[in-house]
Each structure stands twice: as C-alpha cells, then as structure tokens.
Amino acid sequence: MKQITNKISFLIIVSLTMLMGCTSEPGVSVSFDQTSKSLFKGETFSLQLQVSQSINSDEVTWACSNESVISISVQGLTVYVTALADGTANVTASYRNQTAICTINVNVTPDQNGSGENDGYSLVWEDLFDAEILNEEYWNIEVVSHPANSELQYYRRENVSTGTDSSCWRKCLILTAKKENYGSRSFTSGRVNTNGKVAYKHGKVDAMIRFPKTYKGLWPAFWMMGNDYSQVGWPRCGEIDIVEMGNSGGFQTVDKSERFLNGALHWGYYVDGNYPNYGKSSTYSYSVQDGNYHLFTLLWDENSVKMYIDLDKYPDAKAYYSMDITAPDPMPAEPTWDAGEYFHKDFFILFNLAVGGHFPGITKIDAITALNEENNYEAKMYIDYVKVYQKAD
C-alpha cells in the first residue's frame, strides 16, 4: 500500500511540475494605443503596439485588410499608416495567440472644388508625376549655377527626379537639396518650370505637396510667372507666389517655422530701385511640415487672386492671401504700377527648393542648419500632383 501511495505521489508531483512549466511564462497581452482612427486621404499617422512585457518585434505579424485604402510601414512595434483612398480598413498585429486590431476610416474626401465659391471648374491639365521620368514636354529642368536672391545652391538636373515617397507610396516629383560642393557652390538643389510649354490665364491651380523641415535655411516654393517673361523680363511679367516657406519671420521657434507661410504678388517695373508688390505671412494653427501632404490652391479670376490651404480637408477654410487685380478700364496706353495690368495673361508654373537667400535671411554657408547630420545633409520636397481647372467661359 505504501508503494502504491508513493507512485501516486510521484505522479502528482510530476503532473504539477508539468503544469507549472506550462504556465511559468505568463501570456503576453498586446493592444494598439488606438482602436480606431479617422484620416483624410494623404494623411499619415503612427500606431503603437503596446505589450505587457518585452517581446521580439520580429515575431509580430502585421496585416492590412485593404491595401487600396491604406498602406502600412512597420518599424519595430510602430506601424505608420497612410490613407490612400476613401473607405475602411483594419490594421492587425498578431503575436503568438494574441491579436490587436485598429480600424482605419478614410473619410469621404470633400469635393476637390472646395467651398461654394470654387464651384463650376473643370480639369483642363494635370501632371500626376507617375511616369518613370519627368515629362519634359511639360517641364523645363533648370540648371543655374548662381541663382538670384543671394541663394546658395546650384540648381542641377541630378537633383530633380520622379519616384515613390516611401513614407506613403505616392508617386511624386522630388526636388532634393544637398549639402555638397559642386562648381563654386556648397549646396545643390532642384527647380522646374513649364515656361513656354504649359501656361494658363485665370482658373484654379492645385498642388499636393509634402514639405521638408525648413528651419533654418530651406526655402521651398510653389509659384507662377507670366509666360512673357523672356520678352518683358521680371517683374513686368508678373509673379504669383502661391506658397513659400522658410521665411525668417518664423524663426522664433522650430514649431512656428513649421506653421509660418507666405503668399505674394510681384509686378510692374523698377523706379529708383523699387517695384510694386504685396506679400502676406500667415501662422497656422497646425504644422505644414508634419510629414503629411497638404493641398495648396490658387483661385484666380478677372477680379482677384486668392490662396488656400487644405480645401480638401476644410472646404470652408478662409483664404490666407487675397488681393484685388481688377483691370483698369480703359487700359492705359503706357504701363503703370496698377496690379490689374499684369495678371490677365498666361502664367506658367514653377516648383523649387532653394537653400538660403534673402527670404530666409541667411546668406552664409555655416548658418544653414536645415541640412545636417541628422538628415544626412539632404532634404526633399515631394509634389504628388499639380492640376489646373478652368470655368467654361
């Protein structure tokens, strides 16, 4: 009887040991820091996988339920989610027998025409920058060794490309600024224009742009000039600066520099070293250099020029720049300084990424800190598309 009892005790001990062995490592719980998120098309946000104890991130399996609605990019236990199209999709992270799910709702994008005053436009030209190389039937790639405005870069073809933005998989025009010695310059960058190839009078012009961090020294711009530039020169050709960033007025803090933007018009001719122009700065409530794409819109008709940001997200947004350009009647026989004489003709489109110059107020090489060791001494401006709309009349 004692021998049987000993055997029973041994089996109980072995069984308990086996059970304890199975539960000696408590299960790991996983969850996302958010269970749902609403995005607008083009926005990117980071989703963090939270775990109850340290795990090997390589053992986590990630999945996206609808790759046409969102794209995901994983770094460790963080997944970056980019909204691609209207709809709903789930992001799933699985670790052993645990699963975390976050539902992403990409909001119905408001009418691209924006608010009511923008209605009635039809698309007449666009470039989606989805080809292997830039379409030079539309674009001129500028090569300039010593640009104006005391800028410090050399504009090169090599700094202009088309490709995929790896942060969200959009195909884009990419302008790259680098700190490198070339020619007699210490920086290189890219600039393109449609002069003599694509030009329009009046309408709505949209560009979807992701800006680099500009503090301190970068000067990206989306703008237009009169297509008669080669005949009459500047500023008589007229200039419409739809958006410029990097102005010294926003240098008080890094945060302000990311929210500080400018719109401007230049026109007329020089008298005693001066010419007419009107620029306006705006400090936004949110960053325009947050890693997301932002829509910039020019509304231009026979009476005014107006500029907007993110009408796709906020269709009732107010213009950050507005100016009357009503033409004088009758038109004077000789040019005057009246803005209405200079903005009722064809204008062409430009994109560029300058380094230094009068606008940032930096003309010394060593004062440029925007290109640094942290970003490997280069920065990129991404343009997803540019579109021109006009009314039937």
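The values are calculated or read from the model by the stated rules, or taken from the named source; none is laboratory data. Bear in mind that the values here come from a model prediction, so they are computed numbers and not experimental data. Note: ideal-geometry Cβ built from the backbone for every residue, glycine included; neighbour counts use all protein chains shown. Quick note on the areas: whole protein, heavy atoms, side chains included, nothing else; ligands and nucleic acids left out. Shrake-Rupley method; radii C 1.70, N 1.55, O 1.52, S 1.80 Å.
The figures follow:
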item	result
Answer residue from the stretch 316-326, given it is open to solvent by 40 Å² or more (accessible area, probe 1.4 Å) and in contact (Cβ under 8 Å) with a residue 12 or more places away in the chain and is farthest from the chain's Cα centre (by Cα) among those	Thr326
Single condition Glu126 does not satisfy, out of (1) open to solvent by 30 Å² or more (accessible area, probe 1.4 Å); (2) acidic (Asp, Glu); (3) under 22 Å from Thr369 (Cα atoms)	(3)
Test: Tyr200 is open to solvent by 30 Å² or more (accessible area, probe 1.4 Å), in contact (Cβ under 8 Å) with a residue 12 or more places away in the chain and not hydrophobic (A, V, I, L, M, F, W, C)	yes
Residues within the stretch 35-75 that are surrounded by 15 or more Cβ atoms within 10 Å (Cβ to Cβ), closer than 24 Å to Tyr314 by Cα and of a type outside the set (A, V, I, L, M), tallied	8
Single residue of the stretch 1-34 satisfying the filter (modelled with pLDDT under 80 and charged (D, E, K, R)) that is surrounded by the most Cβ atoms within 10 Å (Cβ to Cβ)	Lys7
Considering residues of the stretch 56-83 that are of a type outside the set (Gly, Ala, Ser) and in contact with a Ser or Thr (Cβ under 6 Å, 6 or more places away or on another chain) only, the residue farthest from Val30 (Cα to Cα)	Thr82
Complete set of residues in the stretch 88-100 that are crowded, with 16+ Cβ neighbours inside 10 Å and either closer than 23 Å to Asp384 by Cα or aliphatic (A, V, I, L, M) (or both)	Ala89, Val91, Ala93, Ala100
Any chance Ser186 is among the hydroxyl-bearing types (Ser, Thr, Tyr), in contact with a strand residue (DSSP E or B) (Cβ under 8 Å, 6 or more places away or on another chain) and either touching a residue at least 40 places away in the same chain (Cβ under 8 Å) or not in a strand (DSSP E or B) (or both)	yes
For Lys345: the one exception among (1) farther than 30 Å from Lys216 by Cα; (2) in contact with a Lys or Arg (Cβ under 8 Å, 6 or more places away or on another chain); (3) crowded, with 21+ Cβ neighbours inside 10 Å; (4) of a type outside the set (Phe, Trp, Tyr)	(3)
Residue check for Val143: closer than 30 Å to Thr363 by Cα, surrounded by fewer than 15 Cβ atoms within 10 Å (Cβ to Cβ) and among the β-branched types (Val, Ile, Thr)	yes
